[in-house]
Amino acid sequence: MTIPDSGENPRMALAAAARKGGMAWFAGKKASPYLFLLPFMIIYVVLILYPIFQGLYVSLTDWDMMNPVKPFVGLKNFEYLFFGDPLFWNSVKVTLQYIFTNVPIKVVLGLALALIFNQKLPGMAFHRGALFLPFVINIAAVGILFQWILDPEVGLLNYYLSMLGLPPQKWLVDPTWTMDLVVLVTIWWSIAFNVIVFLAGLQDIPEELYEAARIDGANAWHRFWNVTLPCLRGSMMFVVVMQIIGSFQAFGNIYMLTGGGPNNATNVLMVHLYKTGFFYFQMGPAAAIGVIIFIIVMALTIAVLAMFRKQVEY
Amino acid sequence: MKLNNSLRAEMATSERRTRSAIRWRHIQRLILWLVLTLISVFFLLPVLWMITTSFTPNNVVLHYPPRWIPASPTLQNYTEAITTTRTAGLGRALANSTLVAVATVILTLLVDSMAAYPLARMNFKGKKGIFILVLVGLMVPAEVTFVSLFLMFNAVGWLNSYESLILPVAASPFGVFLLRQFFMAIPRDLEDAARIDGCSRMRILFTIILPLAKPGLSALAIFTFLLSWNNFLWPLIVMTDPNMMTVPVILAYYVASFAQSLDWGTLMAAAVGATILPVIVFLIFQKQFVRSIATTGLKG
Amino acid sequence: MYNTEIKTIRTSANISNIRQATSKQGKVTMKKRGKMTMKKIGLLALSAMFLMSGTAFAAGKEVVNYWSRHGSSDVAIMQKMVGEFNASHPGIDVKLQFLTWGGAYYGKVRSSILAGNPPQIFDVAAYAPPMFRNNVESFSAEELAKLGINLSNFVPSAWKAVEYKGRYYGTVNAILPLGLYYNTDMFKKAGLDPSKPPRNLKEFLEYAKKLTVDTNGDGKIDQWGFMLRNNFVPTPWIWESILVQSGGSILNKDLTKATFNTKAGIDALNLMLNFSRKYKIAPSTLADTTTAFVAKKVAMVISGPWDIAGYKGKKMAFGTAPMPQFGTQKPAAWSSLDIYFFPKGLRKDAKKWKATMTFAAWAAGPGGGKYYAQMFLPSLLSVLNGPVMKDPYMSGFAREATSGGIYFPQAHKAMQEIYAAIWSNLQGAFAGKMTAEEALSLAEEQTNRILAR
């Protein structure tokens, strides 16, 4: 996949010739691209790349914050997570549960909504605004709002359920349903992202393709299946990858609603990392969880990219 | 005559067919519109309830049946949320968040556009390698580095500082990637002319490239602003003094405190207060915002 | 990398916008002036926000930052207490902030110690001291006496919690035991004597049965006899209280092993489950008991004295009593403490240290005791045995504390994590996902793993 350059034009060719002619000022500025890159690279290397390796190192030590000596302990922290940590495997299970509900629902629903929002209907600007509004609301505010709405005693939702003659629900108190509620709230909060990406993809599909399909007698379903979906493969890949990465990163939407409970039903890896590191100050195991998340995300991202690339020749 | 008749019959049926097709399409559109309205209601009602509650006095906030229009609307909740002395007030948190977000936006635009320029416009050794390095950054979930970042900032005594919130976000691989796309699309002729006139690379970037890449810059600016404003986990970890906490973190502390005393009105006022600025930014720059996501974009 | 196609299409579309924009440059300069004023307004607003935040402090005052984990109706009283101190001590400005947030509080304090900017005072619960022992200042009894804190004036067992190898780590202002709250109106309506609250399981069940009623006759119960709270505070501690009443404990004496997965522990949990399942005196869902008690949906709840001020503010007709004895051997109610800790190194700043200790000694003495008496039990004997005993609401808790009906939890540096492990498994049992036996053996396994670290 090459990125097309901005195209040839005569003046540029002229300038290129001037460059080749060995303009003195240019020769002296060989260092300039590196100078331009310097500020970015410093921050990038020190605060994004280096911490990954530092995290790996911390995960191999017995890192006591109060002790200046940090003895190297090999894989002991990982051993602790796998065989000693009371909650690690629960967190893995719960994270997978979150991903397997969150990702497919949000991808399918995002596409469906994008198809609806791509129609020309009265008041569309308003409806789009309504859809996008929750997306800019602070996750902490979202968490508070839904704690209020879902409160089993005084919440709005149970009131309207009782109006319909239904029994009041325990909502976030019942571990059976908490994860589903978290996913529902997450959809409310962030589905707009997927819709926007799909909408952009839809608008880039040339109308002629639909015309051609129509002439061939394809019905709406066939047109969707044979034109829309294949044309959206780029957006689809992007959304799926982003959703997977995002689901591993998910913290605020879960922590602010449930704090990881009840009965650890929503204690995903990220929440577990936070508690291990910053509630209980077990930095070694916390760094080890970080390393594990990093490896899984990298592997999954590469797998998804490879899968899509195999399926559609890029 | 016979031919004419059959033709007429055919025309009539096709007319009937189109008419029924049009009617069917009208019905379809009506159904679609109804679905759309339901969707909007689903997305808007919670926000509305948040706003309503924020104007309801705390002593009647548990009123049954729920009142969508408060009987005696009050601004008391907002005053309480902003001036409360339980934790740092929301006013202080709003100022912190604004400061951090604005500084982050400025620094990000500067650093990222400077990095994107040579990647888009110059040929030099290691360009491809550096670009791939940037792309790798797009796939790293920042959260996995928080433990080591925390330890690093602790080692240099930068916990609980604005820098600790601003710097890690400033070198945004996404920003470089986005700006590079915009820079590459700018025709080279203007720049080449300037170069022949003897302009330095730096001047070219600031006087020619950046003004032309305004849509890209504004998209990145809005995106960075919202990202910074809504950043939750990192400030939660790194800010230890209530007076330094940003809006989302303060909100988290509000929940614990005000929900226990059942002051849902105050909580909702705080939530609304935390939301106003991003919503305004969103409404003004909706187009750029949507574009910034449509082009690439990162969010759970 | 993956979606460059979309982007290149978009950006090429943008080029036409750019061209239009450059041709509009004349208009842009026109608009610039408007933008400048916008900027100024923005700056003004920002500086106003900083001002509103109350960071402007009076010159020459020694500021003492004080963080608290509390956060229910006690907030207002603590603020009043600090207000009075500040008013009567012109050279000192105590800034009280509430960092109420479940488990996050202790982590935040530890981070602030690491970051080198901890508050001068932070309060902690009875089980927390070992967590901070290496990070806080300690005192000998003589030093405390010099500061005006004479240990013989206080409840002795309370100060034991902060004693370690002959030194006292922090000061102890108040005792926070669990006790019984009951709605006196509902008692009367049910034909029960409000001056004779239930003292043991038999009486409790008998009372609760009479107090569980369907007031409007629609076949659904709308007033429960009892209810358990859906919160870390205090439901696992109620279970622990019952366990201790039957002679059990959470950990062994050496604090190396969990000892709660026994018949006593299982019976205690089963009893709590059976309040709803067998005796039908409590709803099947854990709920917010504070709300329910105010909303008159429940007649009896178990909680600490920190709720009193809130109920008084809501004009409730209620009484308090020692926690009934549900277990088999002795009365025992889990009880926390309000402990002040001072971060290590504070002594070096003599002025700050003096200001901090002036406040701490005042808070532990009669000055603070007056306010503690409205929300907790002051550890100062003269206040506890005087005004508190006479306070109709506090007396229930005071009787319990002075008659030996309370105990302080075992303290371990991972106690918070152990309670979290126990609580999450109790939640599983209450939700019907596991039996009491399963919940406790899981909790035991998890606790032992935490202790083995």
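Three semi-axes describe the equivalent ellipsoid of the protein assembly as shown; taken as square roots of 5 times the Cα gyration tensor eigenvalues and ordered largest first, they are 56, 37, 27 Å.
A Förster radius of 22 Å, combined with the Cβ-Cβ distance separating A:TRP225 from A:GLN97, puts the computed FRET efficiency at roughly 0.15. Solvent-accessible area per residue in chain C equals 42 Å², computed with a 1.4 angstrom probe and all protein chains kept.
Rounded to the nearest 20, the Cβ-based charge dipole of region A:88-311 about its Cα centre (Lys and Arg +1, Asp and Glu -1) stands at 340 debye. Find the percent of Cα-Cα distances in region A:75-195 that exceed 19 Å, and round it to a whole number. The share of Cα pairs beyond 19 Å in region A:75-195 comes to 63 percent.
Work out which GluC sites (Glu not before Pro) in chain A are exposed loop sites (DSSP not H, G, I, E or B, at most 12 other Cβ within 10 Å) and give the longest gap free of them. Of all site-free stretches, the longest is A:9-312.
Treating only the Cβ of Lys, Arg, Asp and Glu as charged (+1, +1, -1, -1), what charge dipole size does the protein assembly as shown show about its Cα centre? Round to the nearest 20 debye.
Around 2660 debye, computed over the protein assembly as shown.
Whole-Hz Karplus values for region A:284-292 come out as x, x, 5, 4, 5, 4, x, 4, 5 Hz, taken residue by residue from phi with 6.51 cos²θ - 1.76 cosθ + 1.60 and θ = phi - 60°; glycine and proline positions read x. Filter the chymotrypsin sites (Phe, Trp or Tyr not before Pro) in region B:1-92 to those in DSSP coil with at most 16 other Cβ atoms within 10 Å of their Cβ, and list the result. Here the chymotrypsin sites (Phe, Trp or Tyr not before Pro) that fit, given the DSSP loop and packing criteria, are B:TRP68. Surface composition of chain A: carbon plus sulfur atoms hold 68% of the accessible area, using a 1.4 angstrom probe and ignoring ligands, DNA and RNA. In loop segments of region B:1-103 as defined by DSSP, the trypsin sites (Lys or Arg not before Pro) with at most 14 further C-beta atoms inside 10 Å of their C-beta are B:ARG67.
Between chain B and chain C, the total buried accessible area stands at approximately 3900 Å², from heavy atoms with a 1.4 Å probe. Beyond 19 Å in Cα-Cα separation lie the following of the pairs C:LYS160/C:LYS352; C:LYS253/C:LYS413; C:LYS210/C:LYS312: C:LYS160/C:LYS352; C:LYS210/C:LYS312.
In region C:84-110, burial by the other protein chains removes 20 Å² or more of accessible area from C:GLN97, C:PHE98, C:LEU99, C:THR100, C:TRP101, C:GLY103, C:ALA104, C:GLY107, C:LYS108, C:ARG110, compared with the chain on its own (1.4 Å probe, ligands and nucleic acids ignored).
Estimated from helical segments only, the mean residue ellipticity of chain A at 222 nm is -20500 deg cm²/dmol, where each DSSP H run of four or more residues counts as -39500 (n - 2.57). A:THR95 exposes around 10 Å² of accessible area when a 1.4 Å probe is run over every protein chain in place.
Using a simple spin-label model with pseudo-atoms 7 Å out from Cα toward Cβ, B:THR207 and B:LYS127 lie 2.4 nm apart. For the residues C:SER382, C:SER249, a 1.4 Å probe over the protein chains yields an accessible-area ranking, largest first, of C:SER382, C:SER249. Each residue of region A:123-136 was assigned a 3J(HN,Hα) from its phi angle through the Karplus curve 6.51 cos²θ - 1.76 cosθ + 1.60 (θ = phi - 60°); the sequence is x, 5, 4, 4, 5, 4, x, 4, 5, 7, 3, x, 4, 8 Hz, with glycine and proline shown as x.
Simple rule: put +1 on each Lys or Arg Cβ and -1 on each Asp or Glu Cβ in region A:88-311, find the dipole, and look at A:ILE139, A:TYR280, A:MET179; the Cα lying farthest toward the positive end is A:TYR280. For region B:122-134, 3J(HN,Hα) computed residue by residue from phi via the Karplus equation (6.51, -1.76, 1.60; θ = phi - 60°) reads 10, 10, 7, 5, x, 4, 4, x, 5, 5, 5, 4, 5 Hz, glycine and proline entered as x. Under a 5 Å amide H cut-off, with hydrogens placed 1.01 Å from N, C:ALA333 pairs with C:ILE406, C:TYR407 among residues at least 5 apart or on other chains. Per residue, region B:2-54 exposes 77 Å² of solvent-accessible protein surface, assessed with a 1.4 angstrom probe and all protein chains in place.
Among the chymotrypsin sites (Phe, Trp or Tyr not before Pro) in region A:118-179, none is located in a DSSP loop while being surrounded by at most 15 other Cβ atoms within 10 Å of its own Cβ. On the beta carbon distance between C:LYS351 and B:TYR64, with R0 = 56 Å, the FRET formula returns roughly 0.55. Each of A:ALA212, A:VAL227, A:VAL239 was placed along the dipole of region A:169-264 (beta-carbon charges, centred on the mean Cα), and the one lying farthest toward the positive end is A:VAL239. Taking a Cβ cut-off of under 9 Å around C:ILE221, the surrounding Lys, Arg, Asp and Glu residues balance to a net charge of 0, with basic ones at +1 and acidic ones at -1. Size estimate for region B:2-54 follows the Kirkwood approach: the inverse of mean 1/r over distinct Cα pairs works out to 14.6 Å. So what does log10 I(q)/I(0) come out to for region C:299-453 at q = 0.09, 0.11, 0.18, 0.19 Å⁻¹, using the Debye formula with one equal point on every Cα and no solvent? Rounded to two decimals, the profile gives -0.45, -0.66, -1.17, -1.20. Annotation: amide H of C:ALA126 within the under-5 Å range of C:LEU337, sequence separation 5 or more or interchain, hydrogens built in the peptide plane. Across region C:342-406, the volume of the C-alpha convex hull divided among the residues equals 93 Å³ per residue.
Working from label points 7 Å from Cα in the Cα-to-Cβ sense, the C:TYR164 to B:LEU32 distance is 7.0 nm. For region C:288-447, the share of accessible area belonging to carbon and sulfur comes to 56 percent (1.4 Å probe, ligands and nucleic acids excluded).
If you wrap a convex hull around the Cα atoms of region C:226-320, how much volume per residue is inside, in Å³?
111
Expressed as a whole percent, the accessible surface of region B:1-108 that belongs to carbon and sulfur atoms is 69, based on a 1.4 Å probe. Interface of C with A. Using a 1.4 Å probe and counting protein heavy atoms only, the two chains hide about 3400 Å² of accessible surface, both sides summed.
Are there residues in region A:79-120 whose accessible area shrinks by at least 40 Å² when all protein chains are included rather than the chain by itself, and which are they (probe 1.4 Å, ligands and nucleic acids not counted)? Residues meeting the cut-off: A:TYR80, A:PRO86, A:ILE116. In plain terms, the C-alpha convex hull of region B:85-295 casts an average shadow of 13.9 nm² when viewed from every direction. What's the longest uninterrupted piece of chain A once you rule out the trypsin sites (Lys or Arg not before Pro) that are loop residues per DSSP with at most 15 other Cβ within 10 Å? The answer is A:121-314.
Would you kindly give the portion of the calculated P(r) for region A:88-311 that falls above 22 Å, as a percent of all Cα pairs? Result: 60 percent of Cα pairs exceed 22 Å. When the Cα atoms of chain C are aligned to their principal axes, the ranges along those axes come out at 89, 63, 49 Å in descending order.
For chain A, the solvent-accessible area with a 1.4 angstrom probe is 43 square angstrom per residue. Per-residue surface analysis assigns B:TRP158 an accessible area of about 100 Å², computed on protein heavy atoms at 1.4 Å probe radius.
For region B:85-295, with the dipole built from +1 on Lys and Arg beta-carbon atoms and -1 on Asp and Glu ones, taken about the Cα centre, which of B:PRO118, B:ILE237, B:PHE146 lies farthest toward the positive end? The one lying farthest along the dipole's positive direction is B:PRO118. At the listed q of 0.14, 0.15, 0.24 Å⁻¹, the Debye profile of region B:151-246, built from one uniform point per Cα, gives log10 I(q)/I(0) equal to -0.68, -0.73, -1.17. Taking Cα atoms only, the orientation of helix C:436-452 departs from the longest principal axis of chain C by about 60 degrees. For C:ASP93, the residues 5 or more places off, or on other chains, whose built amide H falls under 5 Å of its own are C:GLU62, C:VAL63, C:VAL64.
For the chain pair B and A, the buried solvent-accessible surface (1.4 Å probe, both sides summed) amounts to about 9400 Å².
The values are calculated or read from the model by the stated rules, or taken from the named source; none is laboratory data. Values in this document were obtained by computation on a predicted structure and should not be read as measured data. Positions of Cβ are backbone-derived with ideal geometry, glycine not excepted, and every protein chain shown enters the neighbour counts. The area values use the complete protein model at the heavy-atom level, side chains included, leaving out ligands, DNA and RNA. Shrake-Rupley method; radii C 1.70, N 1.55, O 1.52, S 1.80 Å.
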